[in-house]
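Engineer: Attaching a single structure in structure tokens format; questions to follow.
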Amino acid sequence: MTTTSTASPAYWEPLWADGRRYRQLCETEKQLMAQHLGPGKGRPALDIGSGDGSLACHLHHELGYRTTGVDCSPSALALAAAQDTGSGPTWHCADITTDDLTTLPEPAYALVTCRLVYRWMDDKSGFLDRVRQLLAPGGTFWVVTEVAGRRTTTDPDLLGLGIPPADAELLTTGWSVVRTADLGVLCCYTLRP
């Protein structure tokens, strides 16, 4: 039996195409971004796994970044583009884990975000290496992920959504600045080289 990688377009496209939607940004998360990321001032930002585009749109319209949303699902990007018909983010269909990074609109980004995405990366170390390649000097990597053991449920499918301590340690190793903020079952990480 073959299994589909949870970081691949083959996994995500049917979910988005069938109408699946995911946790929306909350006001506390928006406040944390304003506090930890500050104003974009037109600097480039890359939102990895942008899904319906809510984070990319927030970065672009509210914080002032020049944002590109990248996702491996064409259906997710179509949804994002349909919801933001103005002069919002640009949308780029790519698998960030395998595609050529030089096809992205910018060679480097002042901000790279990944919200509810890190947990799904099969090769987390390789993914983090690619993010470091994309960050401009002095850039920021913003990660929001669920942490294992924080849900109050006995549903094994939901309990498996959080990252274990080893994945959290891998995420935070090798950065000169690591800041965290808790949001219930989620944790926000501000990481700088």
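Engineer: When you scan the stretch 65-74, do you find a residue that is open to solvent by less than 60 Å² (accessible area, probe 1.4 Å), in contact (Cβ under 8 Å) with a residue 24 or more places away in the chain and part of a helix (DSSP H, G or I), even just one?
Structural biologist: Scanning the stretch 65-74 turns up no residue that is open to solvent by less than 60 Å² (accessible area, probe 1.4 Å), in contact (Cβ under 8 Å) with a residue 24 or more places away in the chain and part of a helix (DSSP H, G or I).
Engineer: Mind checking which pairs have a first residue in the stretch 48-61 that is free of Cβ contacts under 8 Å to residues at least 40 places away in the same chain and of a type in the set (D, E, K, R) and a second that is open to solvent by less than 20 Å² (accessible area, probe 1.4 Å) and assigned to a helix (DSSP H, G or I), Cβ under 9 Å, 6 or more apart or different chains?
Structural biologist: That search, which allows pairs on different chains as well, returns 52/76; 52/80.
Engineer: What number of residues within the stretch 135-193 are closer than 23 Å to residue 107 by Cα and surrounded by 18 or more Cβ atoms within 10 Å (Cβ to Cβ)?
Structural biologist: Total meeting the criteria: 9.
Engineer: Considering the stretch 76-85 alone, what residues qualify as being open to solvent by less than 60 Å² (accessible area, probe 1.4 Å), in contact with a helix residue (DSSP H, G or I) (Cβ under 8 Å, 6 or more places away or on another chain) and either assigned to a loop (DSSP other than H, G, I, E, B) or without any contact (Cβ under 8 Å) to a residue 60 or more places away in the chain (or both)?
Structural biologist: 80, 84 - these are the residues of the stretch 76-85 that are open to solvent by less than 60 Å² (accessible area, probe 1.4 Å), in contact with a helix residue (DSSP H, G or I) (Cβ under 8 Å, 6 or more places away or on another chain) and either assigned to a loop (DSSP other than H, G, I, E, B) or without any contact (Cβ under 8 Å) to a residue 60 or more places away in the chain (or both).
Engineer: Here is a check on your reading of the model: is residue 28 open to solvent by 30 Å² or more (accessible area, probe 1.4 Å) and at pLDDT 85 or above? Please lay out each step first, then the result.
Structural biologist: Details: open to solvent by 30 Å² or more (accessible area, probe 1.4 Å): yes; at pLDDT 85 or above: yes.
Yes.
Engineer: Kindly evaluate residue 53 against the criterion of being of a type outside the set (Asp, Glu) and either surrounded by 13 or more Cβ atoms within 10 Å (Cβ to Cβ) or within 16 Å of the chain's Cα centre (by Cα) (or both). Break it down stepwise before answering.
Structural biologist: Values: of a type outside the set (Asp, Glu): yes; either surrounded by 13 or more Cβ atoms within 10 Å (Cβ to Cβ) or within 16 Å of the chain's Cα centre (by Cα) (or both): yes.
Against the criterion (of a type outside the set (Asp, Glu) and either surrounded by 13 or more Cβ atoms within 10 Å (Cβ to Cβ) or within 16 Å of the chain's Cα centre (by Cα) (or both)), residue 53 qualifies.
Engineer: Given the structure, is residue 34 under 13 Å from residue 142 (Cβ atoms), surrounded by fewer than 19 Cβ atoms within 10 Å (Cβ to Cβ), modelled with pLDDT of 95 or more and of a type outside the set (D, E, K, R)?
Structural biologist: On the way: under 13 Å from residue 142 (Cβ atoms): yes; surrounded by fewer than 19 Cβ atoms within 10 Å (Cβ to Cβ): yes; modelled with pLDDT of 95 or more: yes; of a type outside the set (D, E, K, R): yes.
Criteria met by residue 34.
Engineer: Mind telling me which of the residues 95, 52 ends up being in contact with a Leu (Cβ under 7 Å, 6 or more places away or on another chain), closer than 20 Å to residue 17 by Cβ and assigned to a loop (DSSP other than H, G, I, E, B)?
Structural biologist: On the way: 95 fails: in contact with a Leu (Cβ under 7 Å, 6 or more places away or on another chain).
That would be 52, the only listed residue that is in contact with a Leu (Cβ under 7 Å, 6 or more places away or on another chain), closer than 20 Å to residue 17 by Cβ and assigned to a loop (DSSP other than H, G, I, E, B).
Engineer: Can you list residue pairs whose Cβ atoms sit under 7 Å apart, with the first residue in the stretch 2-24 being farther than 15 Å from residue 161 by Cβ and among the acidic types (Asp, Glu) and the second being modelled with pLDDT of 70 or more and not in a loop (DSSP other than H, G, I, E, B)? Count only pairs 6 or more apart in sequence or on different chains.
Structural biologist: 13/74; 13/75
The values are calculated or read from the model by the stated rules, or taken from the named source; none is laboratory data. Quantities reported herein were computed from a predicted structural model and do not represent experimental measurements. Cβ atoms come from the backbone with ideal geometry, glycine included; neighbour counts cover every protein chain shown. These area figures cover heavy atoms from the full protein model, side chains too; ligands, DNA and RNA do not enter into them. Shrake-Rupley method; radii C 1.70, N 1.55, O 1.52, S 1.80 Å.
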